[in-house]
Amino acid sequence: MMISQIESNDTGFTRLWSDAIPMPCGTLFLNPKLADDIFFNKLTSVTCIDDTMIEKSLEDFKKNHSVPYVYSLNYPEFENMLEKKGFVHHDTQYVLKKNLLPQKKPNAIKITLDNIDTWTGIFCKAYDCQAWSQTVSSILEKSISYVDYFVDESHSACVALYEASSILGLYCLGTVPDKRNRGLAASLIDFALHEVDSMHLEFLMLETYKRDNLLEFYSKLGFQEVYYKTVYTI
């Protein structure tokens with residue numbers, strides 16, 4: 001039940017940033033304007049071994065000039081098929097949760113249509129993707145009715161909070177390079193935990209990649225690993 005809740009939250013948020021293409025037993029997400037991003041371009045939620053689906057996905061990735069990322073959730077037979085087709089293990093995505101409420105609720109500034117560029121500027125500096133600025137602002141304009149976007153009071157860190165399936169998903173957490181290691185991201189996480197409490201949700205979830213080396217950081221903040229997904233590419 002918990003895994004299905006989290007996966008539903010993940011795909012719900014991703015649909016707001018990428019185009020969702022239904023596959024016979026999975027979903028392909030593509031956003032050619034964010035072509036190299038491992039999260040917003042992916043074949044995921046795969047529930048069967050279908051060679052034709054993989055070939056069709058590779059064609060669509062190529063048409064969109066996107067790196068082909070394929071996610072597997074504890075599906076060894078599917079992973080064996082991918083490896084036989086030349087796919088290699090690229091990364092591991094860890095799925096974490098926390099519901100322990102911090103004593104103090106930090107302040108955060110909610111983004112509206114009038115100050116979308118503030119969030120975009122912080123996000124693009126944090127993720128070193130200035131070329132995406134116009135695309136990100138456009139995505140926020142279309143998704144702001146479904147996602148709560150926040151920045152910290154110093155306008156140095158950002159986060160996106162998406163409620164679905166009785167849980168709160170935390171996405172796009174980032175801090176501009178010259179303001180890191182000051183607790184700003186941790187403060188936004190504490191803010192999100194209070195949102196979980198006020199909205200009477202079950203827990204806060206987030207996802208992090210092994211290559212980003214943030215698993216220890218989140219563990220120190222009290223997050224627990226729920227499961228992981230293996231990411232393949234070719």
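Every number in this text was worked out from the coordinates using simple rules, so none of it is lab data. Note that this is a predicted model, so its numbers are computed, not measured. Quick reminder, even Gly has a Cβ in these numbers, built from the backbone with ideal geometry, and neighbours come from all protein chains shown.
Remarks
- Annotation: the residues SER154, SER45, SER198, sorted from fewest to most other C-beta atoms within 10 Å of their own C-beta, follow the order SER198, SER154, SER45.
- Set of aspartates and glutamates near LYS97 by C-alpha distance (under 20 Å), chain-local residues within fewer than 8 positions excluded: GLU7, ASP10, ASP148, GLU163, ASP190, GLU195, ASP197, GLU202, GLU207, ASP212, GLU216, GLU225
- Basic side chains Lys and Arg get +1 at the Cβ, acidic Asp and Glu get -1 at the Cβ, and with that the dipole of the stretch 33-108 about its Cα centre reaches some 660 debye.
- Convex hull per residue volume in Å³, alpha carbons only, for the chain: 121
- Here MET81, MET23, MET205 are placed in order of increasing Cβ neighbour count within 10 Å, fewest first, which gives MET81, MET23, MET205.
- Annotation for the stretch 68-165: trypsin sites (Lys or Arg not before Pro) lying in DSSP loop with at most 16 further Cβ atoms inside 10 Å of their Cβ are LYS85, LYS104.
- Rounded to the nearest Hz, the phi-derived 3J(HN,Hα) couplings of the stretch 133-145 under the Karplus curve 6.51 cos²θ - 1.76 cosθ + 1.60 (θ = phi - 60°) are 3, 5, 5, 5, 4, 5, 5, 4, 4, 7, 9, 5, 6, where x marks glycine and proline.
- Theoretical ellipticity at 222 nm over the chain - DSSP helices of four or more residues, -39500 (n - 2.57) apiece, nearest 500: -10500 deg cm²/dmol
- Listed residue (SER66, THR11, PHE29) projecting farthest to the positive dipole end of the chain, Cβ model: SER66
- Ratio Rg/Rh, restricted to the stretch 100-202 and using Cα atoms, in which Rh is the Kirkwood radius: 0.96
- A viscosity of 1.306 mPa s and a temperature of 10 °C, combined with the Kirkwood radius over Cα pairs in Stokes-Einstein, give a translational diffusion coefficient for the stretch 2-94 of 118 µm²/s.
- Using a 4.7 Å Cβ-Cβ cutoff, the cysteines of the chain lacking any partner cysteine are CYS124, CYS129, CYS158, CYS172.
- The charge dipole of the chain, taken about its Cα centre with unit charges on the Cβ of Lys, Arg, Asp and Glu (plus for the first two, minus for the last two), comes to roughly 340 debye.
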